[in-house]
Amino acid sequence: MPLGGTNPGTSRTLTVFRFGAPGARPKVHIQAGLHAEELPGMLAAHYLVGLLRAADQAGHVRGEVQVIPMANPVGLDQFVDERLLGRSALGGGGNFNRHYPDLTERVYERVHDRLSEDPVPNIALIRKALAEAVQADQPRTEIGCLRHTLLRQAITADIVLDLHCDEEAPVHLYLGTPLWPDAQDLARQLGARAVLLAEVSGGEPFDEACSAPWWHLRALVDDRFPIPAACLAATVELRGMADVSDDLAEEDARNLFAFLQRRGAVAGDPGPLPPMQAEATPLAGVDMVAAPDSGILTYRVDLGAAVTAGQIIADITDPLAEDPAGARVPVATVTAGLLWSRAVQRFVRRGDILAKVAGSEPLPGKGRQLLTD
Ligand SMILES: [Zn+2]
């Protein structure tokens, strides 16, 4: 697909692999590399395309499955000082996984007087209205066109998996609270170590643009009409930046494929569901541990450690301190839980997030912005 909004003399495209029959259900949308420097998902998508191609040739794809292995050609072009920086649009436009429109109001206007007591026609009606609402948007910038094109592809899907990775992390998921525990099979199949739930995460990420209108609409109609959460959208974090290997990517692709089998998008036996390895915790319970000072970061605990509230997890060292004994500032977490993310860059500035701990209770003073930018 050509991407609109490009400068004169330049052009970009998005490549979509499609399997199964158009219009078949469930419709599955899988994309990777929206943050263009996050490679594990792109490599997993490569292996998944191989599995899906073989399944399709054997007539085993029951639904409609589309895969966009490189969802961000703009970000892939952003090399600075020989490093790929693909998280935010360097030319302006912000974080590539933020600022997706909340379609709820526009869909409500289209459907509110046509809803019924039967959830099945309600789903079809809302899907059509979602597609029309996206279609009506007329983005002007290249980044706007990218967001618009991806959302147009995904908005009518039953399942949307947006593959990302963290800096250093085990597999984890971001999900809308109403999708839990229905999405347990995804967490178990992928071996997720953390599941972070929010109804509204504050950053308007891609997955939420697809899934949240369903429960926002249900709230708008005061539960007078049955509106299921008919789009299981998740941000799937496939470990850390450096976890790029054929073994891991093949394993992730096999697990994604088994999940698609379990959900009826592909025929075949997915095998037994692996045990749950994660506790689902509120995104509002994540302690985003910020650096109290600038300096060189060293950790006292490993990734995946269970930490206690008040535990020192890292130190920040200022090599210029007159007295080396006072050169180290200890950093503590305020919540007990799983330390599921560490920073790659070991020089931190005051305020930089250096670790994330999944606590089981919402933390006070979190406000509405629950994601890092
Ligand atoms: Zn990401």
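Inter-label distance, Phe347 to Arg328: 2.1 nm, where each label sits 7 Å from its Cα along the C-beta direction. Return the percentage of antiparallel bridges among DSSP beta bridges fully within region 230-373, rounded to the nearest 5 %. Within region 230-373, antiparallel bridges account for around 100 percent of the total. For region 108-141, the set of GluC sites (Glu not before Pro) satisfying both a DSSP loop assignment and a count of at most 15 other C-beta atoms within 10 Å is given as Glu117. Just so you know, the averaged projected area of the alpha carbon convex hull for region 247-297 sits at 6.9 nm². Note on Ile312 and Leu363: the extension gain reaches 16.5 nm, defined as 0.36 nm multiplied by sequence separation minus the Cα-Cα distance.
With a simple spin-label model that places each label point 7 Å from the Cα along the Cα-to-Cβ direction, the separation between Thr298 and Asp223 comes to 5.5 nm.
Taking the DSSP bridge list for the chain and keeping only pairs wholly inside it, about 60 percent are antiparallel. Glu361 sits among other residues whose Cβ lies under 15 Å from its own Cβ, and their net charge, with Lys and Arg +1 and Asp and Glu -1, is -1.
Ordering 146-155, 301-310 by mean Cβ neighbour count within 10 Å, with the highest value first, yields 146-155, 301-310. Placing one identical point scatterer on every Cα of the chain and ignoring solvent, what is log10 I(q)/I(0) from the Debye formula at q = 0.09, 0.12 Å⁻¹? Computed log10 I(q)/I(0) values: -0.53, -0.94. For the chain, the longest principal axis of the Cα atoms and the long axis of helix 206-220 meet at an angle of about 70 degrees.
Each value in this text was obtained by applying a stated rule to the coordinates, not by laboratory testing. Values in this document were obtained by computation on a predicted structure and should not be read as measured data. Neighbour counts are summed over all protein chains in view; Cβ atoms, including those assigned to glycine, are modelled from backbone coordinates with ideal geometry.
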